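Colleague: Quick one: the structure is below, and I'll ask about it shortly.
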Amino acid sequence: MDLMTIQKPPEGAYAEADGVTYHYVELGTTGRPTVFLHGGGPGCTGWSDFGQVAPLFAEDRHCYLVDILQYGKSAKPVIEGPMWDYHAAKTVALLDTLGIERADFVCNSWGGTIALNLAAKYPERARSLTITGSMPVFHGPLAPLPEGGRRGRNARDVYYGGTGPSWEKMRQLIARLEWYDPDAIPDGTVTLRHEQSLDPEETALAGASDNPRGDWQDLTAELGAIQAPTLFLWGMYDAFLTPDYPLMLARMVPKGNLHIMHHTSHHPQEERPHAYYTAVTGFLNQQHD
């Protein structure tokens, strides 16, 4: 199976959850429910971030690739109040609608911060967490975070600013911030992300900067309350947060673990899908109810 070439996304399905509509792609019908939450880059969706690797998990897991709110085909509401509390509550409502009592969460970046907060606030709903490239706290152990923790938001402003979004700008963004090897980026991935980034509602949100996304929260206090076993799986060359940062996080979470993957940046599940699957499924299979 050539996992580097992303396939055309399936149609997916929709679910109502506490007044908002989520879109998700379901793969596999047996095994433990496993929820995949994607990152916050322009044009990201559940499928764009995990479409390559999810079929491996679906061989023995019931997988849900969710478009988080304000992305993909999910609703794009204006969020007021603490943003991670909002996303966690709505994600729990989605679990209720789907009939999922307890799930494993496999997450990238923005989605990982949602899952961490969910596990702290709704501990009975999270069996385990795998977190890559997320920024739940606003400080590093050794030095200030790159660009004051605003590198992703700055990149979004650059992508949508100036002459506006383009295929070439999307490729440049992925090459600079998400992949270790720019030459390996599949054209299909760039096209998928670029086409989604042109969604009128997504473009409007980007133009409004951070205002519609809710109030930023530091989750330092929440991390210590997480009881779910947590794997921080990080790219050695993550462009946002170097490996000293997830080591700090792994020590803040009571059952924290750390795996650093070579020759990857912010999206190891796309760059090295087989290695990512092997590391994550090994961690998941160690967990017992």
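Colleague: Among ALA13, ALA206, ALA89, which one shows the biggest mean-square fluctuation in a GNM of the chain, springs joining Cα atoms closer than 10 Å?
Modeller: Largest GNM mean-square fluctuation: ALA13.
Colleague: At what distance in nm do the modelled label points of GLN172 and ASP187 sit from each other, each positioned 7 Å from its Cα along Cα→Cβ?
Modeller: Inter-label distance under the simple model: 2.0 nm.
Colleague: Would you calculate the separation in nanometres between label points at GLU147 and ASN285, each defined as 7 Å from the Cα along the Cα-to-beta-carbon direction?
Modeller: 3.9 nm
Colleague: With a ≥ b ≥ c the root eigenvalues of the C-alpha gyration tensor of the chain, is it rounded (a/c under 1.5), prolate (a/b larger than b/c) or oblate? It would help to have the intermediate numbers written out before the result.
Modeller: Details: a/c = 1.16, a/b = 1.14, b/c = 1.02.
Since a/c stays below 1.5, the shape of the chain is classed as rounded.
Colleague: Okay, moving on. Probe radius 1.4 Å, ligands and nucleic acids left out: which of MET170, MET252 has the largest accessible area, and how do the rest follow? Intermediate values should be presented prior to the final figure.
Modeller: On the way: MET170 0, MET252 50 Å².
Reading off the accessible areas and sorting them downward yields MET252, MET170.
Colleague: Indicate the gyration tensor shape class of segment 7-88 (rounded, prolate or oblate), computed on the Cα atoms with a ≥ b ≥ c the square roots of the eigenvalues: a/c under 1.5 is rounded; otherwise a/b larger than b/c is prolate and the rest oblate. Before the final figure, lay out the partial values.
Modeller: Values: a/c = 1.98, a/b = 1.67, b/c = 1.19.
It is prolate, given that a/c is not under 1.5 and a/b is the larger ratio.
Colleague: Follow-up. Per residue, how large is the accessible surface of the chain? Use a 1.4 angstrom probe and give square angstrom. Kindly include the intermediate steps, with their values, before the conclusion.
Modeller: Numbers: 11370 Å² over 289 residues.
It amounts to 39 Å² per residue over the chain.
Colleague: Using Cα pairs closer than 8 Å and at least 6 residues apart in sequence, work out the relative contact order for the chain, in percent. Don't skip to the answer; put the middle values down first.
Modeller: Details: 592 pairs, mean separation 61.2, N = 289.
For the chain, the relative contact order is 21 percent.
Colleague: Another question, if that's okay. Would you mind classifying segment 151-194 by shape? Square roots of the alpha carbon gyration tensor eigenvalues, ordered a ≥ b ≥ c; an a/c under 1.5 is rounded, otherwise it is prolate if a/b is larger than b/c and oblate if not. Write out the running numbers ahead of the final one.
Modeller: Working: a/c = 2.43, a/b = 1.39, b/c = 1.75.
It comes out oblate by the Cα gyration axes.
Colleague: Which residues' amide hydrogens lie under 5 Å from the amide hydrogen of GLN217, considering only partners 5 or more residues apart or on another chain, with H built in the peptide plane?
Modeller: MET83, TRP84
Colleague: I'd like the carbon and sulfur percentage of the solvent accessible area for segment 1-118, probe radius 1.4 Å, heavy atoms only, ligands and nucleic acids excluded. If you can, show how the numbers build up before the last one.
Modeller: Working: 1990 of 3910 Å².
C and S fraction of accessible area: 51 percent.
Colleague: State to the nearest 20 debye the size of the charge dipole of segment 58-154 about its Cα centre, where the only charges are +1 on K and R beta carbons and -1 on D and E beta carbons.
Modeller: Details: 11 positive and 10 negative charges, 57 e Å.
Dipole of segment 58-154, to the nearest 20 debye: 280 debye.
Colleague: Can you list the lysines whose alpha carbon sits under 27 Å from that of LYS169, skipping same-chain ones fewer than 8 residues off?
Modeller: The qualifying lysines are LYS8, LYS73, LYS76.
Colleague: So what's the net charge close to HIS266: Lys and Arg +1, Asp and Glu -1, counting the other residues with Cβ under 11 Å from its Cβ?
Modeller: Working: positive: ARG151, ARG176; negative: ASP49, GLU178, ASP238, GLU270, GLU271.
Around HIS266, the charge tally is -3.
Colleague: Separate question: Out of the total accessible area of segment 146-214 (probe 1.4 Å, heavy atoms of protein only), what percent is carbon and sulfur?
Modeller: 52 percent
Colleague: Taking the Cα centre of the chain as origin, sum charge times position over the Cβ atoms of Lys and Arg (+1) and Asp and Glu (-1), and report the length of that vector in debye to the nearest 20. Please report the intermediate quantities before stating the final value.
Modeller: On the way: 22 positive and 35 negative charges, 87 e Å.
Its charge dipole is roughly 420 debye.
The values are calculated or read from the model by the stated rules, or taken from the named source; none is laboratory data. The shown structure was predicted, so the numbers you read here are calculated from the model rather than taken from an experiment. Glycine gets a Cβ as well: all are built from the backbone with ideal geometry, and neighbour counts include every protein chain shown. Ligands, DNA and RNA are stripped out before the accessible areas are found, and what is left, the full protein with its side chains, is counted by its heavy atoms. Shrake-Rupley method; radii C 1.70, N 1.55, O 1.52, S 1.80 Å.
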